[in-house]
1. For each pair in 28/156; 95/137; 28/68; 109/147, compute the distance between the two Cα atoms and list the pairs where it is over 19 Å.
2. For residue 72 and residue 149 in the same chain, what is the full-extension length gain: residue separation times 0.36 nm, less their Cα-Cα distance, in nm?
Amino acid sequence: MKKNKIARLFASVLFMFALPVFAISGAKFITPMVKDGKISISKAELSNHPLYVNYDSNGITVQLIAVKASDNSARVSLNTCQACNPSPRAYFLEKNGRLVCQNCGNVFKMDSVGTPSFGCNPMSIPYEVSGNSVTVKTSDLDFFAEKFKYWKGPVK
């Protein structure tokens, strides 16, 4: 019985270290230009896999997750966990079509992106969907930059 618990613990630790390697293969990262105090993400770039959107806020990388939800709506959240922040691993990567918190291991559907909630979830941020793009104000990104001070998620 004790050997079985040790083997499961070892396997879960090994899985947690291997997860980021597998989860970022094929991931797409962009750094949009700032125009009129906003960044824009083309809706054509969105899919049911996360698009990681980087923004530099005075030397701190703030990262968004942008996806096309199951209802075809564009969704955006900060790529940090409400409950696990300020851990350096409080970010989400895709695994088997779902988002996995790299700090606590909680798993979420892509449809949870952009929806206000509490606990371990991608953190909400205001955004606007208009025409062929999704926009986020840089002032909002700058406001949340402190949440990324210790963040160590992948940026490319």
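Here, each number is a calculation from the coordinates, and none is a lab measurement. Only a predicted model underlies this, so the values are computations on that prediction, with no experimental measurement involved.
1. Over 19 Å Cα-Cα: 95/137; 109/147.
2. Length gained, residue 72 through residue 149: 24.5 nm.
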